[in-house]
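I have placed the structure first, in the form of structure tokens, so that the comments after it can refer back to it.
Taken together, the values in this text are just the output of simple stated rules run on the coordinates, not laboratory data. This one's a predicted model, so the numbers in the text were calculated from it and none came from an experiment. Counting neighbours? That spans all protein chains shown, and the Cβs are built from the backbone with ideal geometry, glycine included.
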Amino acid sequence: MTGESDELGARLKVYEGQPAAVSGMGKDPVNLPMIRHWCEAMGDTNPAYEGPEAIAPPTMLQAWTMGGLSGHVGRTGAYDELLTLLDEAGCTSIVATDCEQEYLKPLRPGDRVAFDTVIESVSERKTTKLGTGYFVTTRTDVRVGDDLVGTHRFRVLKYAPSRKRPAKKARRPRPVVNRDNAGFWEGVAEGRLLVQRCADCGTLRHPWLPGCNACGSLDWDTVESSGEGTVYSYVVMHHPPFPAFDPPYAVGLIELAEGVRMVSNVVGVPYDKVRIGLPVRVEFRRHEDEDGALTLPVFRVVDVLDGEA
Ligand code: ZN
């Protein structure tokens, strides 16, 4: 796209310097409950924000001007027009990229905040990893009475999302096999679940490690697990989605009959039927993709529940 004339960019430039909000008023005066909630959320224990002489944390500047779910106060048509132009040109996505604030005077409980926002700049057309679009910067001047107490500069990228690459079957991530755990994966390839055993004190361990946590010995051999176990704990993965995985799915922490625990998928029941204590048995699943074949141990629920399998 570079080098092409940017007609849209020229139309957007016209909005530089135009107001985005005029004589906006904070929905609430500066107040202690909002300050307290902010400090709790941020973990900020600065004593300046407590007590009869409290000031508001400077970083709350924008909070006092926010429209909330019910909408912005004092917003003008210019900013909406600008966004609409971008929408119509296919730049339908938006992401906040950065913000800068300047603090001139502390805000105190009872202060009533007023603000004006100007469209400070619209960038040239830019191509980012997200897509191609324009950075729009607004500057909000925050006042109490006639005093400027701070400014808040906010930048968004309004963009056309880059097209997704053609769908390709995602490859299942491979286990990281190293000298410490190679024996485990060799066992899995043969359909055996091998647990490390300290050659000195006999303590079993998993995942595989060079030394014994109980006695420090570096000598070990293995025992083959029966593959029987129970769900010790689990989570259901909804988000984020990982390529090659199809959420929601249950990830279990399985306690093997031998006493060690192992993380794996629980299969054989719907994800929302997985429960702590369910008896499970190992099953070796083979995956084929362009990287070749991969065998992974998963755990199948032994008793079929409610007739579902
Ligand atoms: Zn040991």
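Numerical summary
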{"quantity": "Estimated FRET transfer efficiency (TYR232, ALA199; beta-carbon r; R0 25 Å; 0.05)", "calculated": "0.40"}
{"quantity": "For segment 77-106 and segment 254-296, distance of Cα centres in Å", "calculated": "47 Å"}
{"quantity": "Angle between the chain longest axis and helix 77-88 axis [Cα atoms, degrees, rounded to 10]", "calculated": "40 degrees"}
{"quantity": "Pairs beyond 18 Å (Cα-Cα), from LYS13/LYS158; LYS27/LYS158; LYS129/LYS158", "calculated": "LYS27/LYS158"}
{"quantity": "In Hz, Karplus ³J(HN,Hα) per residue of segment 129-140 (6.51, -1.76, 1.60; θ = phi - 60°; x = Gly, Pro)", "calculated": "4, 6, x, 9, x, 9, 8, 10, 10, 10, 10, 10"}
{"quantity": "Percent RCO, i.e. relative contact order, over segment 1-104, from Cα pairs under 8 Å lying at least 6 residues apart", "calculated": "37 percent"}
{"quantity": "For THR295, residues with placed amide H under 5 Å, excluding near neighbours", "calculated": "HIS287"}
{"quantity": "5 angstrom amide H check on LEU107, placed H, neighbours 5+ away", "calculated": "ALA56"}
{"quantity": "Quarter of the Cα convex hull surface for the chain, i.e. its orientation-mean projected area (nm²)", "calculated": "25.7 nm²"}
{"quantity": "Inter-probe distance in nm under a simple model that places probes 7 Å from Cα toward Cβ, at ILE94 and ASP219", "calculated": "6.9 nm"}
{"quantity": "In sequence order, calculated HN-Hα J values of segment 172-188 (Karplus, 6.51, -1.76, 1.60; Hz; x Gly/Pro)", "calculated": "5, x, 8, x, 7, 9, 9, 5, 6, 10, 4, x, 4, 6, 5, x, 4"}
{"quantity": "Rg/Rh (Cα only; Kirkwood hydrodynamic radius) as it applies to segment 7-161", "calculated": "1.03"}
{"quantity": "Cα gyration tensor, segment 114-223 - rounded (a/c under 1.5), prolate or oblate", "calculated": "oblate"}
{"quantity": "Candidate aspartates and glutamates for bridging to LYS273, where Cα separation is under 14 Å - those fewer than 8 sequence places away on the same chain excluded", "calculated": "ASP303, ASP306, GLU308"}
{"quantity": "VAL113 long-range amide H proximity, modeled H, under 5 Å", "calculated": "GLY26, VAL30"}
{"quantity": "Unit charges on C-beta of K, R, D, E only; dipole of the chain, Debye", "calculated": "480 debye"}
{"quantity": "³J(HN,Hα) computed for each position of segment 281-294 - Karplus, 6.51 cos²θ - 1.76 cosθ + 1.60, integer Hz, glycine/proline x", "calculated": "9, 5, 9, 9, 9, 9, 10, 10, 8, 5, 7, x, 9, 9"}
{"quantity": "Spacing of the two label points (7 Å from each Cα toward its C-beta) at LEU209 and ALA160, in nm", "calculated": "5.5 nm"}
